[in-house]
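Structure first, commentary second.
The values are calculated or read from the model by the stated rules, or taken from the named source; none is laboratory data. What you see is a predicted model; the values in this text were computed from it and never measured. Glycine gets a Cβ as well: all are built from the backbone with ideal geometry, and neighbour counts include every protein chain shown.
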Amino acid sequence: MVEEEKTFQKLDIPTAEILEDVAEFLKREGDISAEEGVKRLDMLYKKYKKVEQQLLAQKLRLNAKLPELEESLKVIEVLEIKEKNKEPFSLTYMVSDHAYAKARVNRSDKVLLWLGANVMAEYSLEKARRILETNYDQGMTYY
């Protein structure tokens, strides 16, 4: 429960409360009218719905990326084996949606990862694995 409260605080979401005494709630809010109380509760409800929609959209995005992350982790595993054995290898890779190219790889100690927003960065295999595993684990927590 404490962890949920921290999450709500980070998202700037007030914790929902059960109103057992409406008169006490109206008084606590500054002696407001019932109509004003309903308006405030309606505003809170809209905030909760907006956050729910954002979290659902985030979950869908992460779920769509999970298969891609799994494949990337498999590729890292193969690259680690090839690098450990110091053996060159050939591969076919996707250049664009319908275009592929062949390449011969002599060293496989580094990889390039897309970070998003048209940004790519070079990492060691170990660091790339950690990044991908972290992203995969985060995706699985929402799954």
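Taking region 94-114, which residues are closer than 16 Å to Glu71 by Cα and surrounded by 10 or more Cβ atoms within 10 Å (Cβ to Cβ)?
Val111, Leu112, Leu113, Trp114
For region 56-108, what are the residues that are farther than 26 Å from Met140 by Cα, modelled with pLDDT under 90 and of a type in the set (A, V, I, L, M)?
Leu91, Met94, Val95, Val105
For a quick check of your reading of the model, give me the residue pairs whose first member lies in region 37-56 and is surrounded by 13 or more Cβ atoms within 10 Å (Cβ to Cβ), whose second is of a type in the set (Val, Ile, Thr) and assigned to a helix (DSSP H, G or I), with beta-carbon atoms closer than 8 Å and at least 6 apart or on different chains.
These pairs meet every condition: Gly37/Val22.
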